[in-house]
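Below is one structure, written out as structure tokens; the observations come after it.
Each value in this text was obtained by applying a stated rule to the coordinates, not by laboratory testing. As the structure is a computational prediction, the values presented were derived from the model and not from experiment. No Cβ is skipped: glycine too gets one built from the backbone with ideal geometry, and neighbour counts run over all protein chains shown.
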């Protein structure tokens with residue numbers, strides 16, 4: 001179930017002449033995005049919209065909507081779905097696409113993994129590959145809380161004016177110790193063009209050396225051939241840009257970004273997210289947004305994932321996203337704000353590896369306070385189902401907004417007895433928290 005097959009002219013089953021053939025890739029539901037990028041980009045010279053982290057599963061990402069580093073250019077992973085093979089609750093294997101079982105097809109595009117059936121294969125659109133991919137990485141330390149507030153104002157203004165467009169993605173992290181970490185990526189630009197984009201922001205920091213210190217280590221701006229971006233080369237491993245699964249017999253293609261290794265086996269103390277609407281970037285509302293971000297960081301760090309909001313994307317990307325089951329709030333969001341805390345692998349009743357429950361409760365409270373500050377300017381922001389609070393109140397509206405009732409109708413049709421129970425997913429309110437007792 002990890003197979004990858006490229007198609008030069010794919011037409012979904014049953015569509016005949018109703019749709020134009022497209023370049024596409026069929027992926028088994030067990031594939032990770034590292035495997036998909038290897039097949040499509042490194043060997044095939046194309047681009048498929050998938051996850052920014054290579055360890056993410058293909059099927060889960062698509063069913064949850066799915067963001068990648070370049071979502072503002074290529075849209076949601078769900079919007080790239082052309083066809084799915086799925087086993088429904090009655091045991092039948094169905095092909096779902098725009099022409100066959102279109103309601104099920106729509107529900108699979110962002111309706112939440114595991115709710116409507118067991119997906120066994122997906123076929124996704126393959127885009128033309130840009131010439132280059134690149135990254136901008138640096139850290140800014142503010143000398144005081146007042147300077148950090150000013151730094152937030154500078155970066156928010158710069159983002160709104162210069163990088164809220166299809167060329168840019170990934171994130172800026174605002175830490176509670178008055179440090180900002182820029183970790184952004186770009187596509188379709190040369191290194192010099194990317195450097196020119198950021199120079200005015202860096203110049204502004206340079207005019208206040210008493211307030212800001214900038215660390216560019218190890219590299220400020222890098223670019224590479226897009227075709228080799230995910231390639232598991234020995235040079236990349238030697239330089240620490242990419243890591244490989246070191247277990248005996250692991251496939252050569254099992255690679256990942258080194259920063260993701262800490263997520264293996266971690267115990268989360270708290271996790272909340274909220275989409276921030278783009279109207280907060282308007283001149284009249286920007287001061288309140290910056291004040292809310294600063295207030296949030298007095299409690300906990302906030303990561304602004306700019307690629308996980310579609311404001312600034314081209315019209316065709318927005319139109320494709322409207323055809324998915326994702327919460328429509330994503331269309332107007334400039335970023336997904338995430339607050340998270342956790343510890344490395346810990347286990348109950350294992351001496352020396354116990355979970356720190358008291359610390360977890362304290363950090364959870366601080367995260368709630370940080371997100372509370374943001375919700376003062378974005379009262380009902382919506383939240384991305386795959387990166388959200390396990391205890392999310394009003395999760396139906398938060399995860400799917402106006403699409404929830406339509407999703408529930410699809411679930412009723414294809415799984416009327418509720419065989420596929422998932423916590424806080426379509427139809428789960430009909431069941432007890434453990435999924436074993438029907439409540440209606």
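Given only helices, namely DSSP H runs of n ≥ 4 each adding -39500 (n - 2.57), what is the per-residue ellipticity at 222 nm of the chain, to the nearest 500 deg cm²/dmol?
Numbers: 12 runs with 114 residues, N = 440.
Helix contribution divided over all residues of the chain: -7500 deg cm²/dmol.
Give me the one-decimal nm value for the distance between modelled label points at residue 264 and residue 19, 7 Å along each residue's Cα-to-Cβ direction.
For the pair residue 264/residue 19, the computed spacing is 3.7 nm.
For the chain, find the longest principal axis of its Cα atoms and tell me its angle to the long axis of helix 191-206, 0 to 90°, nearest 10.
Roughly 40 degrees, rounded to the nearest 10.
Using only Cα atoms and rounding to the nearest 10 degrees, what angle (0 to 90) does helix 286-297 make with the longest principal axis of the chain?
Rounded to the nearest ten degrees, it is 90.
Let me know the volume per residue of the alpha-carbon convex hull for the stretch 132-375, in Å³. Display every interim value, and only then the final one.
Numbers: hull volume 42.3 nm³, N = 244.
Expressed per residue, the convex hull around the Cα atoms of the stretch 132-375 is 173 Å³.
Quick check on packing: order 384-396, 145-157 by the mean number of other C-beta atoms within 10 Å, highest mean leading. Mind dumping the intermediate values first?
Details: 384-396: 16.7, 145-157: 18.9.
Going by the mean number of other Cβ atoms within 10 Å, highest first, we get 145-157, 384-396.
Once you sort the root eigenvalues of the Cα gyration tensor of the stretch 279-423 as a ≥ b ≥ c, which label holds: rounded (a/c under 1.5), prolate (a/b larger than b/c) or oblate (the other case)? It would help to have the intermediate numbers written out before the result.
Details: a/c = 2.32, a/b = 1.11, b/c = 2.09.
Taking the square roots of the gyration eigenvalues as a ≥ b ≥ c, the stretch 279-423 is oblate.
Between the alpha-carbon centers of the stretch 277-312 and the stretch 138-187, tell me the distance in whole angstrom.
11
Once you order the gyration tensor axes a ≥ b ≥ c over the Cα atoms, which shape class does the stretch 4-128 get: rounded for a/c under 1.5, otherwise prolate or oblate by comparing a/b with b/c?
Working: a/c = 1.65, a/b = 1.22, b/c = 1.35.
The shape class here is oblate.
Among 252, 359, 83, which comes first, second and so on when ranked by fewest other beta-carbon atoms within 10 Å? List each step's numbers first, then the result.
Values: 252 9, 359 12, 83 24.
Listing 252, 359, 83 from fewest to most nearby Cβ atoms yields 252, 359, 83.
Based on other C-beta atoms within 10 Å, arrange 220, 429, 109 from fewest to most.
On the way: 220 17, 429 12, 109 26.
Result, fewest neighbours first: 429, 220, 109.
For a quick check, take a GNM of the chain with Cα springs below 10 Å and name the residue from 272, 380, 187 with the largest mean-square fluctuation.
Comparing 272, 380, 187 in a Gaussian network model of the chain, the most mobile one is 380.
Sorted from fewest to most neighbouring beta carbons within 10 Å, what does the list 138, 420, 70 look like? Kindly include the intermediate steps, with their values, before the conclusion.
Working: 138 19, 420 22, 70 26.
Going from least to most buried by this count: 138, 420, 70.
Please find the FRET efficiency linking residue 162 to residue 250, where r is the Cβ-Cβ separation and R0 is fixed at 30 Å, and quote it to the nearest 0.05. It would help to have the intermediate numbers written out before the result.
Numbers: r = 41 Å, r/R0 = 1.38.
The computed FRET efficiency comes out at 0.15.
How many angstrom lie between the Cα centre of the stretch 1-76 and the Cα centre of the stretch 398-435?
Computed from Cα coordinates, the inter-centre distance equals 26 Å.
For a Förster distance of 45 Å, can you work out the FRET efficiency between the beta-carbons of residue 203 and residue 344, rounded to the nearest 0.05? All intermediate terms of the calculation are to be shown ahead of the outcome.
Details: r = 40 Å, r/R0 = 0.88.
So the FRET efficiency works out to roughly 0.70.
Would you mind computing, in nm to one decimal, how far apart the modelled labels at residue 181 and residue 431 are, each placed 7 Å from Cα along Cα→Cβ?
Using points 7 Å along Cα→Cβ, the separation is 3.7 nm.
With springs connecting C-alpha atoms under 10 Å apart, model the chain as a Gaussian network and identify which of 204, 311, 217 has the largest mean-square fluctuation.
217
Helix 357-375 versus the longest principal axis of the chain: what angle, 0 to 90°, nearest 10, using Cα atoms?
80
Mind sorting out which of (1) 238; (2) 143; (3) 161 is the real volume of the Cα convex hull per residue in Å³ computed from the coordinates?
Read-out from the structure maps to (3).
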